[in-house]
Structures are given as C-alpha cells and as structure tokens.
Amino acid sequence: MHELVHAYLLNLYLKDELVSTSSDYEDLLNAFITFYDNMVQDTFNTLDNEWHNAMNDFVDKIGETIYAYAQENNIENVDLEYCKNLAWGTMHGNEILSESEQDNAENIIITEQNNTEYAPSYLVKGTPCE
Ligand SMILES: [Zn+2]
C-alpha cells in the first residue's frame, strides 16, 4: 500500500495533475520538478522526504485497508490500531509519531516482515505462506 501511494503521487505529477492544495503538496511538487530537472542523489533524497511528508495524509487509510484485508482473510488477533501501526512502521523519520510510538510501529512491521517474533511482546499474526 505504501508503495502504491508513491506510485499514485508520481502518476499525478507525471500527468500534470498534482495540485498543491497544501504546503505539503507544494513542497512535493517543487521536489518533483527539481528532481526531474537534475536527477542526482541529493534531489532524490529531498523528493523522497517530501513524498513521505505528503504520505502522512494517507497512512491511517492504509492501516484501515490492511485491517479490512485481515478481517476478510480471517487473520485473528489483529485490531485497527495494530494495522495502523503496520502502516506507520514504514514511515521512518515522520514528525507525527513520538519516538516510542515510531519504535513500536517499526517493531510491529519487523515482526510481520520477517514472520518471526520480535522480542517477547511482538507476536506474529496469521500463518506463514507456504
Ligand atoms: Zn516510501
């Protein structure tokens, strides 16, 4: 889902439909322009940061989508908060969560990504793929 939002915002830019309705989007638009003008690591890093700043608006929706998926697929012991944490776990360096909240979210995503328990308090949900 996270990567889909990247693709969605990139597609808006490439179609000339990325409209700056807030400073986050204006900064993102400028970062896209700067990057496509000069494709180097530095302009990419700025673009990547602005991409994630704009993505802050979508993270809770991503969590809700993961939660709907979990319910549809009978993945037990998962609640909305857990799924929102999964979504936030991909948002390193955001300025919305506190450090401990971000650590918690990242521990949850490490657990699910590796499908192994991470410390005693982070238990794997669902069953491994075969
Ligand atoms: Zn990303």
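Numbers for the structure displayed
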| item | result |
| --- | --- |
| Pair list, Cβ < 6 Å and 6+ apart or interchain, from the stretch 90-112 residues that are within 16 Å of the ligand (Cβ to nearest atom) to residues that are assigned to a loop (DSSP other than H, G, I, E, B) | A105/G89; E106/G89; I109/G89 |
| Residue identified as farther than 20 Å from L86 by Cβ and in contact with a Ser or Thr (Cβ under 7 Å, 6 or more places away or on another chain) among F44, F35 | F35 |
| Residues of the stretch 82-103 satisfying the condition of being within 20 Å of T65 (Cα to Cα) and in a helix (DSSP H, G or I) | Y82, C83, K84, N85, L86, A87, W88, Q102 |
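A quick yes/no check of all residues on (1) under 16 Å from Y122 (Cα atoms); (2) in contact with a Leu (Cβ under 8 Å, 6 or more places away or on another chain); (3) surrounded by 13 or more Cβ atoms within 10 Å (Cβ to Cβ):
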{"position": "A31", "(1), (2), (3)": "no, yes, yes"}
{"position": "D37", "(1), (2), (3)": "no, no, no"}
{"position": "N45", "(1), (2), (3)": "no, no, no"}
{"position": "W51", "(1), (2), (3)": "no, yes, yes"}
{"position": "M55", "(1), (2), (3)": "no, yes, yes"}
{"position": "V59", "(1), (2), (3)": "no, no, yes"}
{"position": "S98", "(1), (2), (3)": "no, no, no"}
{"position": "Q102", "(1), (2), (3)": "yes, no, yes"}
{"position": "A105", "(1), (2), (3)": "yes, yes, yes"}
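Read the figures in this text as sums done on the coordinates, not as results from a lab. Because the structure is predicted, anything quoted here is derived from the model rather than measured. Positions of Cβ are generated from backbone atoms using ideal geometry, with glycine treated the same way; all protein chains shown enter the neighbour counts.
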